[in-house]
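Data first, discussion second: the structure below is written as structure tokens.
The values are calculated or read from the model by the stated rules, or taken from the named source; none is laboratory data. Nothing here was measured: the structure is a model prediction, and the numbers come from that model. Backbone-built Cβ (ideal geometry, glycine too); neighbour counts: all protein chains shown. What goes into the accessible areas is simple: the full protein's heavy atoms, side chains included, and nothing from ligands, DNA or RNA. Shrake-Rupley method; radii C 1.70, N 1.55, O 1.52, S 1.80 Å.
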Amino acid sequence: MVRIDGAPSVWHELPEPLALEIGRAVASFGHLEDMLKRAIFALDQRRLPASIHDRDFRSWLRRMDHVAADSLGTLIERLERTLAREGRADPELIAQLDEVKSWRNLLCHANWQPRGGAWQPIFANTRGEIFDGTLDPLDIRAIRDMSLDSARRVARIIEALDDGGNGWME
């Protein structure tokens with residue numbers, strides 16, 4: 001276990017291939033958040049009655065403003081509730097999104113330290129757990145690929161709505 005209470009940390013410049021992959025992974029997290037917001041919006045919009053009153057529509061718009069400002073964890077929770085409400089729970093997708101969220105928190109908030117010729121992200125999550133391994137560019141690429149796969153799966157939810165719900169989550 002790595003301790004984070006020792007001497008002050010020193011910033012270490014990351015090797016270019018690692019820094020490049022971290023940047024690409026972080027960009028994929030932003031794309032995933034955007035897809036989650038779009039899916040939540042599209043699913044929730046379906047519930048609006050055709051003859052909605054102005055007051056109710058404004059209330060719905062305020063809720064959607066909150067969605068627009070939500071972070072990844074909250075978006076995942078909202079999507080899970082929304083899918084369950086639609087009778088379309090997808091525990092496998094939610095598990096994948098939760099794993100992406102854990103990686104996102106690590107990659108976005110870690111202090112990177114060299115360790116035996118490799119690089120270790122030092123970060124304690126909300127449960128006080130510390131990642132005790134090292135990551136290389138191929139590891140980061142795999143995380144990005146998982147994030148993009150999640151985004152594609154969420155996009156298929158939206159596409160199925162555009163098709164009238166046919167082929168939902170196939």
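Brief remarks on what is shown
- For region 47-128, the relative contact order comes to 16 percent (Cα pairs under 8 Å, sequence separation of at least 6).
- Option label - Rg/Rh (Cα atoms, Kirkwood Rh) computed here, alternatives [x] 1.07; [y] 0.94; [z] 1.04: [x]
- Protection proxy ranking of 109-116, 134-141, by the mean of other Cβ atoms within 10 Å over each peptide's residues and highest first, is 134-141, 109-116.
- The percentage of C-alpha pairs in region 66-124 whose separation is greater than 16 Å is 57%.
- Acute angle (nearest 10 degrees) that the helix 54-69 long axis makes with the longest principal axis of the chain, alpha-carbon atoms: 10 degrees
- With all protein chains kept in place, the per residue accessible area of region 1-146 amounts to 61 square angstrom at a probe of 1.4 angstrom.
- For the chain, the longest principal axis of the alpha carbon atoms and the long axis of helix 91-109 meet at an angle near 40°.
- Within the accessible area of the chain (1.4 Å probe), percent carbon and sulfur: 50 percent
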